[in-house]
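Here is the structure we will look at, set down as C-alpha cells.
The values are calculated or read from the model by the stated rules, or taken from the named source; none is laboratory data. On a predicted model such as this, the values are computed, not experimentally measured, just so you know. Neighbour counts are summed over all protein chains in view; Cβ atoms, including those assigned to glycine, are modelled from backbone coordinates with ideal geometry. To get the accessible areas, we keep the full protein, side chains included, count just its heavy atoms, and leave off ligands, DNA and RNA. Shrake-Rupley method; radii C 1.70, N 1.55, O 1.52, S 1.80 Å.
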Amino acid sequence: MFDLIIRDANLPDGRKGMDIAVSGGLIAAVEKTIEAPAGEEIMATNRLVSSPFIDPHFHMDATLSLGLPRMNVSGTLLEGIALWGELRPIVTKEELVERALRYCDLAVSQGLLFIRSHVDTSDPRLVTAEALLEVKERVKPYIDLQLVAFPQDGYYRAADGVASLNRALDMGVDIVGGIPHFERTMDEGRLSVQALCRIAADRGLPVDMHCDETDDPHSRHIETLAAETVRFGLQGRVAGSHLTSMHSMDNYYVSKLIPLMAEARINVIPNPLINIMLQGRHDTYPKRRGMTRVRELMDAGLNVSFGHDCVMDPWYSMGSGDMLEVGHMAIHVAQMAGVEDKKKIFEALTVNSAKTLGLEGYGLDKGCKADLVILQAADPLEALRLKPVRLAVIKGGKVIARTAPRITTISIDGRPQAIDIGLDYIPRA
C-alpha cells in the first residue's frame, strides 16, 4: 500500500496517462497503471504533473515592501536602488521576517518550493541576514531557501562592505555574491570578482554574482568571472545573473565570450520580467530588448535558468511569485515561440534551475523526492500559455496546498454550460 497515488497524469517529457505512487516521501513508481491501494488518491485527469518550480534569483529581503517608505515614481533601476537605500536603515528584523514569510505563503500557492535569495550585506547591522537566516529555518519543512551574501552597494564601494560580507558568511549565509558593475571603476569591479571568487574557493562555497546588469556593452565582468572560475577550479559552481550587457555587445566579441563561459560551466540566470522593465531606459527608438542572449547561450550548452528577481518591491511594482509568468515573458522577449523552444523554457524553470541550485533528488523518476505540482493544463506548452491554477502542491508526499480548478459557468442558449480553459481549449494538433 502506498501513501499517495496520483492517477492519469501527463508528464513534462510527453508521457500521458501515467500513475505516480509515493511512499515514505519518495516517488516509489511511475507507471502506466499501478494496481495498488493508497492512503490517498488524486485524479489528475490528463493534467500536467511537474516537479516544483524553482526561483534561482530573488530578493526576499525587499519583497512586498512596495510603497515603503515611498513609491518608485520613475520606475527606474537607479531610483529603486536609492529607495532601498532609504528603507534599509530603518527596516526591522521583525518586519523582514513577516514579509518574507508572507511571500513564502504565496510561493507555496504557486508551486514554487525552491528559492535562492540575495541578502543585502551593505548595512553593517546585517539585520537582513539575521532575518532571512531565521526565515530559512522556519520554512525548511516546505521551502528550500538558499541565501547569497550580496553587497548591494558594492563590495569595495560600500563602507564596511568587505567586512560585512565576510560576517554574513560567518553567520551561515550559503553563497558568495557580488555586483562588479556597481563598483566605482571597471578595475575595482574586476578586482572584486577576483576577491570574491577567492573567498568562495577558500570557504568551499558557490558564487552567484549580479553581473553586467547594464546596457553598457563595455561592461564585461562576465569575462573576468569566467576566467576566475577556471582559475580557482569553481567550474559548475558559479552563476552569472542578469548579464544584460550581452544584449548590447557586438557579435564578434560575443563569439569569443560564450565559449569562455562554456569552458567555465557558468550557470546563466536571466530575469526576463525585471530585465525588460529596467533596461534600455536611455534608448528612444530603436529600443533594446534588455535581456541577455538566451537562445545563443542555450545553443552553446550553457545551463540557463530564469529568475523572478523582484515582487512588489522598490525595483518592480508587479509580480505574483508565478514562475510561469516569468517563462511566459521569456518566450516573448527571447522570441522562442517554437515547440522545442517552449520545452526549453519550461525546463529553465525546473530542471535547469535545479542544476543551478545543486539540488539532489529533484525530478519525477523513481527514488526522487515526492515534491510535485498538479496544474490545470495538459502539458508544459499549455502551462506556459495559460499560467494555470496549481490544483495541488505536494511536498514530501503530502499535499500542502490546494486550489479549486478555474471553471467558468456560462448561460448562453446552444452553448456549453461550463468551460475548463485548461482542457477545453487544448490545441488539436
Subject >> Residue among T403, T408 that is farther than 21 Å from I27 by Cα, within 23 Å of the chain's Cα centre (by Cα) and open to solvent by 50 Å² or more (accessible area, probe 1.4 Å) >> reply: T403
Original post:
Counting residues that are under 30 Å from P69 (Cα atoms) and under 16 Å from the mean Cα position of the chain (by Cα), which helices (runs of 4 or more DSSP H) fully inside the range 264-345 reach at least 1?
Top reply: 272-278, 323-333
**OP:** Starting from the range 87-111, keep only residues that are farther than 27 Å from D371 by Cβ and open to solvent by less than 30 Å² (accessible area, probe 1.4 Å), then list their pairs with residues that are of a type in the set (A, V, I, L, M, F, W, C) and not in a helix (DSSP H, G or I) whose Cβ atoms are within a distance under 7 Å, requiring at least 6 positions of separation or different chains.
**Re:** L87/L68
Original post:
In the range 290-325, which residues are crowded, with 22+ Cβ neighbours inside 10 Å, among the aliphatic types (A, V, I, L, M) and in contact (Cβ under 8 Å) with a residue 60 or more places away in the chain?
Top reply: V311, M323, L324
Subject >> Close pairs (8 angstrom Cβ cut-off, 6 or more residues apart or separate chains): more than 30 Å from D379 (Cβ to Cβ) and in contact (Cβ under 8 Å) with a residue 12 or more places away in the chain in the range 49-78, of a type in the set (G, A, S) and open to solvent by less than 10 Å² (accessible area, probe 1.4 Å) anywhere >> reply: H59/S117; M60/A100; M60/S117; D61/A100; D61/S117; D61/A131; T63/A100; N72/G80
Original post:
Which one of the conditions (1) outside any helix (DSSP H, G or I); (2) open to solvent by less than 10 Å² (accessible area, probe 1.4 Å) does R125 fail to meet, given that it meets all the rest?
Top reply: (2)
**OP:** Kindly list the number of the only condition in (1) of a type outside the set (S, T, Y); (2) assigned to a loop (DSSP other than H, G, I, E, B); (3) over 25 Å from the mean Cα position of the chain (by Cα) that fails for D61.
**Re:** (3)
**OP:** Filter the range 238-259 for residues that are touching a residue at least 40 places away in the same chain (Cβ under 8 Å) and either under 16 Å from R288 (Cβ atoms) or surrounded by fewer than 21 Cβ atoms within 10 Å (Cβ to Cβ) (or both) and give the result.
**Re:** H242, L243, T244, S245, M246, H247, S248, V254, P259
Original post:
Since G177 meets every condition but one in (1) assigned to a helix (DSSP H, G or I); (2) touching a His at 6+ places or on another chain (Cβ under 7 Å), which condition does it not meet?
Top reply: (1)
Original post:
How about the range 146-164: which of its residues are touching a Leu at 6+ places or on another chain (Cβ under 8 Å) and of a type in the set (A, V, I, L, M, F, W, C)?
Top reply: L147, A149
Subject >> Residue selected from the range 57-76 under the condition aliphatic (A, V, I, L, M) and open to solvent by 40 Å² or more (accessible area, probe 1.4 Å), by the criterion nearest to H210 (Cα to Cα) >> reply: L66
